[in-house]
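Novice: Following this message is one structure expressed as structure tokens.
The values are calculated or read from the model by the stated rules, or taken from the named source; none is laboratory data. Just so it is clear, the structure is predicted and the values come from calculations on it, not from any experiment. Because the Cβ atoms are built from the backbone with ideal geometry, glycine has one as well, and the counts that use them run over all protein chains shown.
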């Protein structure tokens, strides 16, 4: 198979190469997304209420879990407002803290995991297109094993990418639900 009259491509090698690249990229990106999800689940570990009450007046540290960070943000906001002589209503404080904490969590974990999951379908599509190129440009027997292998390549790379995509998106939904529970726990500290 010639490409623009300059490069000669062996269809069998191109078919195998495109499959390997597509599947390797999707698998690496999926593993990276799973690693970030694991870190997020560890960050959402549920602390005791007594632990939250003990640490709410301390500074936020990198080792804090999500609920601890939320409790510290809420406590800090209340203390700042009390020192200025104005105490906003409790629902306002909770809503403002919720927004800050959700933005922090989404920026730290959810957006990165979603980026990984959203990269997967285009890479699977690349595998599909590469397989179709072999089928359409190869001038041999349309029923030969090479063309059947190209069809398999395009279908397998797309299936794998979509499976990984759905898996990561499911993990994101679990993380969002778990983060809401952890957020509510952090907001339940006594002011």
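Novice: Can you tell me which residue within segment 86-107, out of those that are under 24 Å from the mean Cα position of the chain (by Cα) and free of Cβ contacts under 8 Å to residues at least 24 places away in the same chain, is farthest from residue 186 (Cα to Cα)?
Specialist: Ranking the qualifying residues of segment 86-107, first place goes to 107.
Novice: Also: Being free of Cβ contacts under 8 Å to residues at least 24 places away in the same chain, surrounded by fewer than 22 Cβ atoms within 10 Å (Cβ to Cβ) and under 23 Å from residue 49 (Cβ atoms) narrows it down to one residue among 83, 76; which is it?
Specialist: 76 is the lone residue from the list that is free of Cβ contacts under 8 Å to residues at least 24 places away in the same chain, surrounded by fewer than 22 Cβ atoms within 10 Å (Cβ to Cβ) and under 23 Å from residue 49 (Cβ atoms).
Novice: Could you give me the residue pairs with C-beta distances under 6 Å whose first residue belongs to segment 30-55 and is under 30 Å from residue 124 (Cα atoms), whose second residue is part of a loop (DSSP other than H, G, I, E, B) and modelled with pLDDT of 95 or more wherever it lies, and which are 6+ apart or on separate chains?
Specialist: none
Novice: How about segment 156-173: which of its residues are over 12 Å from residue 122 (Cβ atoms) and touching a helix residue (DSSP H, G or I) at 6+ places or on another chain (Cβ under 6 Å)?
Specialist: If the condition is that a residue be over 12 Å from residue 122 (Cβ atoms) and touching a helix residue (DSSP H, G or I) at 6+ places or on another chain (Cβ under 6 Å), then 160, 164, 168, 169, 171, 172 are the ones that fit.
Novice: On to the next question. Would you be able to say whether some residue in segment 2-24 is in contact with a helix residue (DSSP H, G or I) (Cβ under 7 Å, 6 or more places away or on another chain) and at pLDDT 85 or above?
Specialist: Checking segment 2-24: not a single residue is in contact with a helix residue (DSSP H, G or I) (Cβ under 7 Å, 6 or more places away or on another chain) and at pLDDT 85 or above.
Novice: Before we move on, is residue 37 part of a helix (DSSP H, G or I) and farther than 30 Å from residue 23 by Cα? Let's see the steps before the verdict.
Specialist: Values: part of a helix (DSSP H, G or I): yes; farther than 30 Å from residue 23 by Cα: no.
The answer is no for residue 37.
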